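So the structure is just underneath, and the comments pick up after that.
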Amino acid sequence: MKNKLINYIFLLIFFPSASCIYGCSGEPDPINYGSDICTHCNMKIMDNRFGSVMVNSKNKTFKFDAAECLVDYLKETNPDFKSLFVTDFNNPGTLIDAKNSFYLISPKRKSPMGENLSAYKTESDAGHAKNSLGGEVFDWTGLNNQLGK
Amino acid sequence: MIRRLFHILLLLLIPAVSYSVNDTLTVNDNLQSYFAGIVTADTVFISGGTYYVKDLRVTKQSISIIGLDNPKFDANKESEILIAEADSLLIKGITFSNTGVSFITDFAAIRVQNSTACRLIDNTVENSFFAIYLSNCSNTLVSGNRILGNSVSESFSGNGIHLWNCNKIFIFNNEICRQRDGIYLEFATNSIILGNNSYSNLRYGLHFMFSEGNKYVMNSFSQNGAGVAVMYTKKVSMINNNFFDNWGSNSYGLLFKDIDNSTVAFNKFRRNTVGIYSEGSNRLLVSKNVFIDNGWAMKILGNCYDGVFNYNEFTNNTFDLATNSSRSNNTFCYNYWDKYKGYDLGKDGIGDVPYRPVSLFSVLIENSPDAMIILNSFVVDIIDFAEKVSPAFTPETLSDEKPLMKGFSYAN
């Protein structure tokens, strides 16, 4: 009887704290390339140079196959989000903060959903890519204006 | 009359002239150095054997490169194999293998760019990242090629036949397997995709975006990781294709996303998790298709308007139709549903009572997928029967007013 009670109390304490460790940080779940589905366009997410993620205010992770899908989704549904991530093109599979990243739109670097859009952690990385491929570099706000046209 | 004669004479003359200047050459080795220099031959015959080549560039117009005794071009997993920028190019009977794999560039076995009137015929491509890659091409024939990939992981795989910004391409009778997407079209218009077999690809058998006015006829798409997905396009015709064995939680025989004014007819959907999944697609005509042994024959979401679904046959599917909305703006008539239990007193072959293809249980599943565990149980039969007698939860307007009494098999 006593044992059961202890177990019960243990569960009561452990569960909320455990879920808090996983849930409260605003950190995204990782993208499982090859099995996850893009929230916006329904495609299987394949290319680990382009995946992007939104974490909403309830800490639920929404995954996208490309930054352009993320931007379109935000525009269409106007969700309440906590954080946004895109993939650093130079480090495939690594998520970086979308709002502080820099974006290159260049026809020579094709992205999954046809906007020729790739993301970089620093402005100089994006500039490097621009110098070799041509195109135009945007920050997050600029990108949103550009894709809205 | 004389004018017409003159035209005929002219037509006869043209081939004579072009053949008379034809210069042929047979290459046995040092292929790379031959193409690095000034190419004068109009036809280059390649003898059998293996050639190790890197980024072989072909820029001479109207050149024919023809393999005799099945020669093999091998890039030793380092680079692309053949990069062509030449109008009226012909590449025939050559095996391409072992392109490089890269995160930054899309290495292709055969890349043709900025060209028109090219022919890629009867080639084999093995172990390659991207196989055939056309960009900015038009009036081109891709026929009889065999593309045998060995993709295991998604990031290390490319597409079989990849078209970007092309017009009037004829893709005929190719076999494509184990690539990422079998056939991939982006901004490719007015093309015909006929008689291809695309199977066991990691993601999609066929995938296109922004590719208007294409026709897909008599192709077979089977056992692909996620089936076939087509999106953001108008005016598509898909006639007489087979969509078989696309199983998986996110796998679809045919996925429509924002496809408008399109026709899907005479196709056969067999053993797919979902036969047709349609989202945001308007004015579709889905007619004379056969749906057999699927999990869901169709899922038509509430944001699809003015579709017409007629003369289809639904046999042995777990669910005939699912939707996420209580309204439906699509027309269903003259379909055959094997679950229809009505009667035909007039003996005109058309049931006298409407059929409602959305069962209450499929609505339940949409809301809570875990309820799948009670599938085929007695409880489900009871609630479905209750719903049939007095519909309350299923879409009021979604019914087939004239269901057919007898099936038929168009695609057999």
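Here, each number is a calculation from the coordinates, and none is a lab measurement. Please read these numbers as outputs of a predicted model, since none were measured by experiment. Glycine gets a Cβ as well: all are built from the backbone with ideal geometry, and neighbour counts include every protein chain shown.
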Based on the Cβ-Cβ distance of B:D293 and B:D381, what FRET efficiency does E = 1/(1 + (r/R0)^6) give at R0 = 30 Å, to the nearest 0.05?
0.90
By the scheme Lys and Arg +1, Asp and Glu -1, what is the net charge of all other residues having a beta-carbon under 12 Å from that of B:I91?
+2
Report, in listed order, any pair from A:K63/B:K215; B:K92/B:K168; B:K234/B:K268; A:K63/B:K288; B:K299/B:K388 with a Cα-Cα distance greater than 27 Å.
A:K63/B:K215; A:K63/B:K288
Using the Cα gyration tensor of the range B:182-233, the equivalent ellipsoid's semi-axes, largest first and to the nearest Å, work out to 18, 13, 7
Note on the protein assembly as shown, DSSP bridge orientation, antiparallel percent to nearest 5 equals 15
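Which length gain, in nm to one decimal place, applies between B:V152 and B:S390 when the Cα-Cα distance is subtracted from 0.36 nm times their residue separation? Each step should come with its number before you reach the end.
Working: separation 238, 0.36 × 238 = 85.68 nm, distance 5.11 nm.
Separation in residues times 0.36 nm, less the Cα-Cα distance, equals 80.6 nm.
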Put a dot 7 Å past each Cα toward the Cβ at B:S62 and B:K235; how far apart are the dots in nm?
3.3
FRET efficiency for B:T397 and A:K82 from the Cβ-Cβ distance with R0 = 41 Å, rounded to 0.05, comes out at 0.55
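Kindly state, to the nearest 0.05, the FRET efficiency for A:S57 paired with B:S33, given R0 = 60 Å and r defined as their beta-carbon distance.
Values: r = 64 Å, r/R0 = 1.06.
My answer for the efficiency is 0.40.
Within the range A:24-112, list the chymotrypsin sites (Phe, Trp or Tyr not before Pro) lying in a DSSP loop whose Cβ has at most 14 other Cβ atoms in a 10 Å radius. Walk me through the numbers before you get to the answer.
Values: sites: A:Y33, A:F50, A:F62, A:F64, A:Y73, A:F81, A:F85, A:F89, A:F102, A:Y103; in loops: A:Y33, A:F50, A:F89.
Hits after loop and neighbour filter: nothing returned.
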In nm, to one decimal, how far is the modelled label at A:H128 from the one at B:K215, with both set 7 Å along Cα→Cβ?
5.0
Cα shape, the range B:250-295, gyration tensor, a/c 1.5 rule
oblate
Cα-only Rg/Rh for the range B:2-389 with Kirkwood Rh rounds to 1.10
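If a helix is a whole DSSP H run, which ones in chain B reach 24 Å or further along their own axis (Cα) and hold a mean Kyte-Doolittle hydropathy of at least -1.0? Don't skip to the answer; put the middle values down first.
Numbers: long enough: B:2-20 (27 Å, 1.49).
Span-like helices, by this rule, are B:2-20.
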Sticking with the crude label model, points 7 Å out along Cα→Cβ, report the distance from B:Y305 to B:D370 in nm, one decimal please.
3.7
Report the gain in length on full extension from B:N329 to B:F408: 0.36 nm times residue separation, minus Cα-Cα distance, nm rounded to one decimal.
25.8 nm
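Lys and Arg at +1, Asp and Glu at -1: add these up for the other residues within a Cβ distance under 11 Å of B:W296 and post the number. Can you show the working numbers first?
Values: positive: B:K299; negative: B:D320, B:E366.
Within the 11 Å Cβ shell, the charges total -1.
Give me the net charge for the shell around A:S124: Cβ to Cβ below 14 angstrom, other residues only, Lys and Arg +1, Asp and Glu -1.
Working: positive: A:K121, A:K130; negative: A:D88, A:E123, A:D125, A:D139.
Summing Lys and Arg as +1 and Asp and Glu as -1 gives -2.
State the extension gain, in nm to one decimal, for the chain segment bounded by B:N114 and B:T26, taking 0.36 nm per residue of separation less the distance between their alpha-carbons.
Taking B:N114 through B:T26 to full extension adds about 29.0 nm, to one decimal.
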